[in-house]
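Enquirer: Pasting a structure below so you can have a look.
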Amino acid sequence: MIRITYVTITFNAARVLQRTLDSVLAQDYPDIVHLIIDGASTDQTLQLVNDYVERSNAADNGHSIQVTSEPDKGIYDAMNKGLRSIEGDYVCFLNAGDFLPAPDIASRIAEAVESGGPDSTMPAVLYGDTDIVDGEGRFLHHRRLSPPEHLSWKSFRQGMLVCHQAFYARTDFAIATPYDQQYRYSADVDWCIRVMKAAEKEKVPLLNLKMVVVNYTEEGQTTLHHRESLWERYHVMERHYGRIQTFLLHCWFLMRSVLK
């Protein structure tokens, strides 16, 4: 059985955290580690986390929960703390407010990996689709950008086709690729690209899970700081795809939006 680590970053997230915790607790797959990296919250976040730990222990579901609460230098610093603590085979960053859409998601993901047989290479990345929910966790719509049949680092020239929370990185690739903290809102885009670049270099495949694997809350930091995030993403694309190609692609994006 593969082991899946979920990393949840929190800071004063009591309003939206419960659905995230409940969705992991409900997973019928036993080999799950849940790392909660808290930035020294002052609201009811840690109370919810402590209650979650007690409920998980009572359920005796095989899950392992590890909690850290201390000041950090922002979300990507916290994510790097998570990377330094992960164990097992795959890691997914499931932040406060985002949640797994069904109790069998982890089981289905593990089954997809294991269906290749004991001698097959474990994919470097598992990726799936995303549904968008509002601040109360209610379904709004499917994510506009959807993953291609065959994903590579070059795919992100067309935008972030896979949501960060729908991107399961093999832990050896993840640990070797810390988040670049020069970015405040788009280090996740850069991280996904660099993980996929490393996979291509090592000739390790990526696996399309062909299912919705996460419900993403629209009110995240990227949404709240949309303009700054777009500007950072432009610089990320320049870094990986070159200045001229990035400029021409964005001219096409603009023309396409006008024609619509």
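Enquirer: Would you mind telling me the share, in percent, of accessible area of the chain contributed by carbon and sulfur at probe 1.4 angstrom? Don't skip to the end; give the middle numbers.
Expert: Details: 6670 of 12670 Å².
Carbon plus sulfur share of accessible area: 53 percent.
Enquirer: Average projected area of the Cα convex hull of the stretch 83-218, in nm²?
Expert: Values: hull surface 34.3 nm².
The directionally averaged projection comes out at 8.6 nm².
Enquirer: In nm, give the distance between the simple-model label positions of Glu70 and Ser115, each being 7 Å from the Cα along the Cα-to-Cβ direction.
Expert: Here the answer is 4.2 nm between the modelled labels.
Enquirer: How much accessible area per residue does the chain have, in Å², with a 1.4 Å probe?
Expert: Numbers: 12670 Å² over 260 residues.
Ligands and nucleic acids excluded, the result is 49 Å² per residue.
Enquirer: Compute for the chain: radius of gyration divided by Kirkwood radius, i.e. Rg/Rh, restricted to C-alpha atoms, rounded to two decimals. Please list the in-between numbers first.
Expert: Values: Rg = 17.9 Å, Rh = 18.8 Å.
Reported Rg/Rh (Cα atoms, Kirkwood Rh): 0.95.
Enquirer: For the stretch 80-130, max minus min Cα coordinate along each principal axis, in Å, sorted largest first?
Expert: 35, 28, 16
Enquirer: When only C-alpha pairs under 8 Å and at least 6 residues apart count, what is the relative contact order of the chain, in percent? Working shown, then result.
Expert: On the way: 462 pairs, mean separation 56.4, N = 260.
Relative CO of the chain lands at 22 percent.
Enquirer: So which DSSP H runs in the chain come out at 15 Å plus along the axis (Cα) with average Kyte-Doolittle of at least -0.5? Mind showing how you got there, number by number?
Expert: On the way: long enough: 14-25 (18 Å, 0.34); 45-59 (21 Å, -0.35); 187-201 (21 Å, -0.07); 226-241 (22 Å, -1.75); 243-259 (24 Å, 0.93).
Once both thresholds are applied, what remains is 14-25, 45-59, 187-201, 243-259.
Enquirer: In what sequence, highest mean first, do 105-118, 69-82, 25-38 appear when ranked by Cβ atoms within 10 angstrom?
Expert: On the way: 105-118: 15.8, 69-82: 18.1, 25-38: 20.4.
Per-residue Cβ counts within 10 Å, averaged per peptide and sorted highest first, yield 25-38, 69-82, 105-118.
Enquirer: Place a point 7 Å from Cα of His142 in the direction of its Cβ. Which residues in the stretch 165-182 have their backbone N less than 17 Å from it?
Expert: Backbone N within reach: 166.
Enquirer: Another question, then. Hey, can you grab everything whose amide H is under 5 Å from the amide H of Ala13? Only 5+ residues off in sequence or another chain; H modelled, so Pro and N-termini drop out.
Expert: Answer set, sorted by chain and number: Thr45.
Enquirer: Expressed as a whole percent, how much of the Cα-Cα distance distribution for the stretch 1-96 exceeds 15 Å?
Expert: Of all Cα-Cα distances in the stretch 1-96, 56 percent exceed 15 Å.
Enquirer: Further question on the same structure: Once the Cβ-Cβ distance between Ile175 and Asn57 is put in as r, and R0 is 30 Å, what FRET efficiency do you end up with, to the nearest 0.05?
Expert: 0.60
The values are calculated or read from the model by the stated rules, or taken from the named source; none is laboratory data. Nothing here was measured: the structure is a model prediction, and the numbers come from that model. Because the Cβ atoms are built from the backbone with ideal geometry, glycine has one as well, and the counts that use them run over all protein chains shown. Accessible surface is based on the protein model in full, side chains and every heavy atom, while ligands, DNA and RNA are left aside. Shrake-Rupley method; radii C 1.70, N 1.55, O 1.52, S 1.80 Å.
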